[in-house]
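**Student:** Here's a structure for you.
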Amino acid sequence: MLQKFDISWIQEYLPASLDIKQTILLGSLGLAVFSSGHFIWFFMKPLFSPMRSIKSPPGGSFVLGHMPISRKVPTVGAWHRDQLRKYGHVFVYKVFFNQDRLCTTDPKALQHVLNNSFIYQKPSENRYILSRLLGNGLLFVEGDVHKRQRRIMVCQGGKY
């Protein structure tokens, strides 16, 4: 037999005008609204991205973006090189679920991004996968841990 859980202790924390069923209903409704807001923002974010004004190759599916197109070329990186020839030093392409990725070969932009890792953090999905494969080294950690590891590398590099 199923036992009923005693949740009468919740009553003392609720306002007198609410009962437990109303509280559970309101909590569930709040959770649903909060979750749907994040879900909608995930798909709306590219519409408000500052990268939407940067040149981008046409096509690409909503789910896979330009990934299938870039994987069909015979040599690694050939698709990116072709896009750099077409659009110059900077272009934006789509990845999974219509998310934007910036590709640049401009030396000043690369220096700025690499020197300001607090502002320009790698996507969390990529960081997780790469750290599982290669460990939490200097390339995949962010923030204070990255700063500390970089200082150690600079100090050690001067002694050899």
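The values are calculated or read from the model by the stated rules, or taken from the named source; none is laboratory data. These figures come from a predicted structure and were not determined experimentally. Here the Cβ positions follow ideal geometry from the backbone for every residue, glycine too, while neighbour counts run over all protein chains shown. When the accessible area is computed, the model is the full protein with side chains, heavy atoms only, and any ligands, DNA or RNA have been set aside. Shrake-Rupley method; radii C 1.70, N 1.55, O 1.52, S 1.80 Å.
**Student:** Quick check on the chain: helices-only [θ] at 222 nm, where DSSP H runs of length 4 and up contribute -39,500 (n - 2.57) each and the sum goes over total residues. Nearest 500, please.
**Tutor:** Calculated mean residue ellipticity at 222 nm is -16000 deg cm²/dmol.
**Student:** Right, next: Who wins for biggest fluctuation among 100, 82, 19 in a Gaussian network model of the chain, springs between alpha carbons below 10 Å?
**Tutor:** Most flexible of the set in this elastic network: 19.
**Student:** Separate question: Protein chains only, probe 1.4 Å: how do 13, 128 rank by accessible area, largest first?
**Tutor:** Final ranking, largest accessible area leading: 13, 128.
**Student:** Then there is this: Magnitude of the Cβ-charge dipole of the chain, K/R +1 and D/E -1, about the Cα centre, nearest 20 debye?
**Tutor:** Charge dipole, the chain, about its Cα centre: 1020 debye, nearest 20.
**Student:** Same structure, new question: Relative to the longest principal Cα axis of the chain, at what angle does helix 20-48 sit, 0 to 90 degrees, rounded to 10?
**Tutor:** Once rounded, the angle reads 20 degrees.
**Student:** Mind running the shape call on the stretch 46-86? Use the C-alpha gyration tensor, a ≥ b ≥ c as the square roots of the eigenvalues: rounded below 1.5 for a/c, prolate if a/b tops b/c, oblate otherwise.
**Tutor:** Oblate is the answer for the stretch 46-86, as a/c is 1.5 or above yet b/c matches or exceeds a/b.
**Student:** Quick check for you: with a 1.4 Å probe and neighbouring chains kept, what is the accessible area per residue of the chain, in Å²?
**Tutor:** I get 81 Å² per residue for the chain.
**Student:** Along the positive direction of the dipole of the chain (beta-carbon charges: Lys, Arg +1; Asp, Glu -1; about the Cα centre), which of 102, 154, 64 reaches farthest?
**Tutor:** 154
**Student:** Suppose each label sits 7 Å from its Cα in the direction of the beta carbon; what would the residue 29-residue 52 distance come out to in nanometres?
**Tutor:** Label at residue 29, label at residue 52, 3.2 nm between them.
**Student:** Grab the beta carbon distance between residue 110 and residue 142, set R0 = 22 Å, and tell me the FRET efficiency rounded to 0.05.
**Tutor:** Plugging the Cβ-Cβ distance into 1/(1 + (r/R0)^6) gives 0.80.
**Student:** Helix 78-87 against the longest principal axis of the chain: what's the angle in degrees, Cα atoms only, rounded to the nearest 10?
**Tutor:** Roughly 80 degrees, rounded to the nearest 10.
**Student:** Report the Cα-based extents of the stretch 26-160 along its three principal axes, largest first, to the nearest Å.
**Tutor:** Largest to smallest, the principal-axis extents are 61, 47, 28 Å.
**Student:** Heavy atoms of the protein only, probe of 1.4 Å, neighbouring chains included. What is the accessible area of residue 34 in Å², nearest 10?
**Tutor:** 130
**Student:** Counting residues in the stretch 87-160 as N, plug N into 2.2 N^0.38 Å and put the Cα Rg over that result.
**Tutor:** 1.30
**Student:** Angle, helix 124-134 long axis vs. longest principal axis of the chain, Cα atoms, 0 to 90°, nearest 10?
**Tutor:** Roughly 70 degrees, rounded to the nearest 10.
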